[in-house]
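The structure appears right after this line, and notes come after that.
The values are calculated or read from the model by the stated rules, or taken from the named source; none is laboratory data. All of these numbers come straight from a predicted model, not from anything done at the bench. In this analysis, Cβ positions are derived from the backbone assuming ideal geometry, glycine residues included, and neighbour counts consider all displayed protein chains. Calculation scope for accessible area: heavy atoms of the full protein, side chains included, ligands and nucleic acids excluded. Shrake-Rupley method; radii C 1.70, N 1.55, O 1.52, S 1.80 Å.
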Amino acid sequence: MSEFLFQALLTLDGTVRVATPLILCAMAGMFSERSGVIDISLEGKLLVGAFVAATIAYFTGSPWLAVFCAIGASVLVALIHGFACITHRGNQVVSGLAINILAAGVTVVVAIALFRQGGQTPILDRGDRFGPMEFWFVETLDPIPMLGAVYREFISGHNPITYLALLVVPASAYLLYRTRFGLRLRAVGEVPAAVDTAGVSVAWLRYRAVLLAGVLCGIAGAYLSIGQGAGFVPEMSAGKGYIALAAVIFGKWRPVPAFLACLMFGFLEALSARLQGIDLPLIGEAPTHLMLALPYIMTVLLLAGFIGRASPPAAIGVPYTK
Amino acid sequence: MTAPPPLPKWADLFVLPVINLLVAFFICGLIILALGENPISALVVMVKGAFVYPGSLGYTLYYTTNFIFTALAVAIAFHAMMFNIGGEGQAALGGLGGGLVCLWLAPSLPAGIVLPLAILGAAAFGAAWGVVPGYLQARRGSHIVITTIMFNFIAASLMVWLLGGPLLQQGQQSPQTEAFEPAGQMPKMHDLLGGLGIETTSSPLNLSFVLALLVLVGFWVLIWRTRLGYEIRTVGHNPDAAHYAGINVPRTIIVAMAIAGGLAGLMSINELQGVQHRVILDFTAGYGFTGIAVALMGRNHPIGIFLASLLFGALYQGGSELDFEFQSITRDMVLLIQGMIILFSGALAYMFNPPLARFIARVAAKRLEARHV
């Protein structure tokens, strides 16, 4: 029984680890999409953030500076998206796609020019990146059965960015539902003309949403390369931006449900990693491929209205023209 | 600011794309400069690598073939005002369809039967992967962009599972199927030309290129000379008007997406039957995404798509030369150029429209003035 508990705890631990970048990116996508700007460029911003964080951490040895620079770079990318989608009323999907391809190219090109290691950054030392945060009383609580293990493995010992991501969710919900900015943001994604009539700038509101998305994706990127990993590897975002987008849709463009979707998708990935090659009773070999594809399949089913109904913000994808 | 005068059609079709392309290249040049290399010599290396070295043209046209198929898959959806990002998944499934035909029939039947069936199989499986998002968009109202993205990932998982399990070659570790028998292999162009007495350097260019050219012509006929093409374009311009005119809008969308998937699926013929001679993992290698750039540049017209495919084929082949000639820049530069092209000729396509239109109007006015004086 304690073995099972231990395995379960490790899986939950893995869930939180996998879900951290998803949560940050999902909140980013939610803000952008609630303002009416489709954001498939979460992936690209994540990748750029990861690369810049690893590079700065390597040269300066300061993970905090690295996070700030990752945010800066990701915001810059978000500005391109805003410039194309808001200022020039370009196609938002095309812009996002361009950014994703640009990000895949530019990170590798610069990495090769800087480090000559086939697009990777050198492996970072422990001091250059974020380690796990040990909470107080871990030693004190350790002898207590159950509680001690739960506290040690599940509550304590995560990355600082993980705790930050968990704080971002209520903060996002507050911002979206309890502030003037949030009200206007929701309005601009539904009926931008009404916001415009009220004398509030549609473009500036949308820019702020897009920039906010840039900030969050930058942090998520830093988590990949200097939190969870120890350096940048080409394509290390590996579709996480898209899974986060799926989580946004799965959460019906709302912060808490999107967060829960991230946890669920993270759990599926952590569980499938744990069940790799293990025979389960009744089922046989664990269907890990199916489990990894499940987030995408469920999102398709949800969008098609087979499990609940997800209706996007009314003005999503439509550039605003006065 | 007053509204700019409308851009003349010739400028919209030729001048604007060229400006956008030049800006994209210019920015990439600046980046190469910042990396400490000479952009002009990089360009020279790429042009030589794409057209001049022996066999390079064959490689360029081989890449071109891939882009023609994936770009047409995007273009036909665009004509129905839909965004097909699912080229990757549709091509992967196409590879599965064509591959199954070859694995099953090539040992016992001649190439003259196997290859046409493989082409049909690739198109059918690709179409199946396109038709589901089409159906979900048309009948259930799910957004085609999201659904096709999700279908790319589902296809990738499916292929990993199939090639790592049920279809895995005996005694192999890397995920791939058994090799196709010769009857399941597309003839190479240098062999065919050699048979006619024309000696050319060997390259991966195969008969799929001819198939691609035929499909380009077929695409033109379909879109501008058939009833279905007319319906697709009408639905794309105005679904309400199409509905009132008696066109079955959902059916048209579904059919357009089926054709799109089939076209993307054909890309696998060039890669698998043409070169790899087995089904491998990730053979789509981003061609499906690049097809979007090609379709945007080619303005969804077969001639434009052919030219843009040639450009991207040259970029891919020329870009691989960069690895040998330079220290700091590699073929990954091509991804950057590609991203810039999508950004400027896609998302920012109309940034230069108003200034260009004003400029042309001013020149025209001056000329008119001069004539009157």
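Could you go through the stretch B:93-107 and let me know if any residue there is modelled with pLDDT under 95 and either outside any helix (DSSP H, G or I) or within 14 Å of another protein chain (Cβ to nearest Cβ) (or both). Yes, that holds for at least one residue. Once the stretch B:114-143 is narrowed to residues that are facing chain A (nearest Cβ under 10 Å) and touching a residue at least 24 places away in the same chain (Cβ under 8 Å), the residue that is surrounded by the most Cβ atoms within 10 Å (Cβ to Cβ) is B:Pro133. Just so you know, in the stretch A:293-308 the residues that are more than 9 Å from chain B (Cβ to nearest Cβ) and at pLDDT below 80 include one that is least open to solvent (accessible area, probe 1.4 Å), and it is A:Gly308.
Filtering the stretch A:207-230 to residues that are out of contact with any Phe, Trp or Tyr (no Cβ under 7 Å at 6 or more places or on another chain), modelled with pLDDT of 90 or more and open to solvent by 10 Å² or more (accessible area, probe 1.4 Å) leaves A:Tyr207, A:Arg208, A:Leu211, A:Val215, A:Leu216, A:Ile219. The set of residues from the stretch A:115-167 being among the basic types (Lys, Arg), under 17 Å from A:Val52 (Cα atoms) and crowded, with 16+ Cβ neighbours inside 10 Å comprises just one member, A:Arg129. The residues of the stretch B:249-260 that are buried (at least 24 other Cβ atoms within 10 Å of the Cβ) and under 14 Å from B:Ala124 (Cα atoms), listed by number, are B:Ala256, B:Met257, B:Ile259, B:Ala260. Looking only at the stretch B:342-359, how many residues end up being of a type in the set (Lys, Arg) and at the interface with chain A (Cβ under 10 Å from one of its Cβ atoms)? Going through the stretch B:342-359 one residue at a time, the tally reaches 0.
When the residues of the stretch B:326-335 are filtered to those that are open to solvent by less than 40 Å² (accessible area, probe 1.4 Å) and free of Cβ contacts under 8 Å to residues at least 40 places away in the same chain, the one that is nearest to the other protein chains (Cβ to nearest Cβ) is B:Thr330. Residue-level analysis places B:Gly286 among those that are surrounded by fewer than 18 Cβ atoms within 10 Å (Cβ to Cβ), at the interface with chain A (Cβ under 9 Å from one of its Cβ atoms) and in contact (Cβ under 8 Å) with a residue 40 or more places away in the chain.
Conditions tested, residue by residue: (1) in contact with a Phe, Trp or Tyr (Cβ under 6 Å, 6 or more places away or on another chain); (2) within 23 Å of A:Val94 (Cβ to Cβ); (3) assigned by TED's automatic domain parsing to the domain that holds B:Ile269.
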position: B:Ala106; (1), (2), (3): yes, no, yes
position: B:Leu117; (1), (2), (3): no, no, yes
position: B:Leu120; (1), (2), (3): no, no, yes
position: B:Gly130; (1), (2), (3): no, yes, yes
position: B:Gly134; (1), (2), (3): no, yes, yes
position: B:Arg140; (1), (2), (3): no, no, yes
position: B:Val145; (1), (2), (3): yes, yes, yes
position: B:Met159; (1), (2), (3): no, no, yes
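A residue that is more than 23 Å from the chain's Cα centre (by Cα), within 11 Å of another protein chain (Cβ to nearest Cβ), at pLDDT 90 or above and closer than 16 Å to B:Leu281 by Cα occurs somewhere in the stretch B:146-160.
In the set (1) closer than 30 Å to A:Tyr58 by Cα; (2) facing chain B (nearest Cβ under 10 Å), the condition left unmet by A:Leu290 is number (1).
Considering the stretch B:289-301 alone, what residues qualify as being crowded, with 23+ Cβ neighbours inside 10 Å and over 24 Å from B:Leu162 (Cβ atoms)? B:Thr290, B:Ile292, B:Ala293, B:Val294, B:Ala295, B:Leu296, B:Met297, B:Gly298, listed by residue number. Scanning the stretch B:22-46 for residues that are in contact with a helix residue (DSSP H, G or I) (Cβ under 6 Å, 6 or more places away or on another chain) and assigned to a helix (DSSP H, G or I) yields B:Val23, B:Ala24, B:Ile27, B:Cys28, B:Gly29, B:Ile32, B:Leu33, B:Pro39, B:Ala42, B:Val45, B:Met46.
Testing A:Ser311 on (1) surrounded by fewer than 22 Cβ atoms within 10 Å (Cβ to Cβ); (2) touching a helix residue (DSSP H, G or I) at 6+ places or on another chain (Cβ under 7 Å); (3) within 14 Å of another protein chain (Cβ to nearest Cβ), one condition comes back false. Which one is that? Of everything listed in (1) surrounded by fewer than 22 Cβ atoms within 10 Å (Cβ to Cβ); (2) touching a helix residue (DSSP H, G or I) at 6+ places or on another chain (Cβ under 7 Å); (3) within 14 Å of another protein chain (Cβ to nearest Cβ), A:Ser311 misses just condition (2). Could you tell me which residue of the stretch B:229-248 is surrounded by the most Cβ atoms within 10 Å (Cβ to Cβ), considering only residues that are in contact with a His (Cβ under 6 Å, 6 or more places away or on another chain) and at pLDDT 95 or above? Filtering the stretch B:229-248 for residues that are in contact with a His (Cβ under 6 Å, 6 or more places away or on another chain) and at pLDDT 95 or above, the one surrounded by the most Cβ atoms within 10 Å (Cβ to Cβ) comes out as B:Ile232.
Each residue in the stretch B:13-32 was checked for being closer than 25 Å to A:Leu102 by Cβ and away from chain A (no Cβ under 12 Å), and 12 pass.
Take the conditions (1) assigned to a loop (DSSP other than H, G, I, E, B); (2) within 14 Å of chain A (Cβ to nearest Cβ); (3) surrounded by fewer than 19 Cβ atoms within 10 Å (Cβ to Cβ); B:Thr200 misses just one of them, which is (2).
Could you check, for the stretch A:242-250, whether at least one of its residues is surrounded by fewer than 22 Cβ atoms within 10 Å (Cβ to Cβ) and at pLDDT 90 or above? There is no residue in the stretch A:242-250 that is surrounded by fewer than 22 Cβ atoms within 10 Å (Cβ to Cβ) and at pLDDT 90 or above. Got at least one residue in the stretch A:71-80 being in contact with a Lys or Arg (Cβ under 6 Å, 6 or more places away or on another chain), away from every other protein chain (no Cβ under 14 Å) and at pLDDT below 95? No: zero hits. Just checking, does the stretch B:273-283 include any residue being closer than 22 Å to B:Val132 by Cα and either open to solvent by less than 30 Å² (accessible area, probe 1.4 Å) or not assigned by TED's automatic domain parsing to the domain that holds B:Met340 (or both)? Yes. Candidates are the residues of the stretch A:11-50 that are of a type in the set (Val, Ile, Thr) and over 30 Å from A:Ser201 (Cβ atoms); the one that is surrounded by the most Cβ atoms within 10 Å (Cβ to Cβ) is A:Thr20.
Yes or no, residue by residue, for (1) of a type in the set (Asp, Glu); (2) farther than 28 Å from B:Pro39 by Cα; (3) facing chain A (nearest Cβ under 10 Å); (4) touching a residue at least 12 places away in the same chain (Cβ under 8 Å):
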residue	(1), (2), (3), (4)
B:Ala295	no, no, no, yes
B:Gly319	no, no, no, yes
B:Phe324	no, no, no, no
B:Ile337	no, no, yes, yes
B:Met340	no, no, yes, yes
B:Ala361	no, yes, no, yes
B:Glu369	yes, yes, no, no
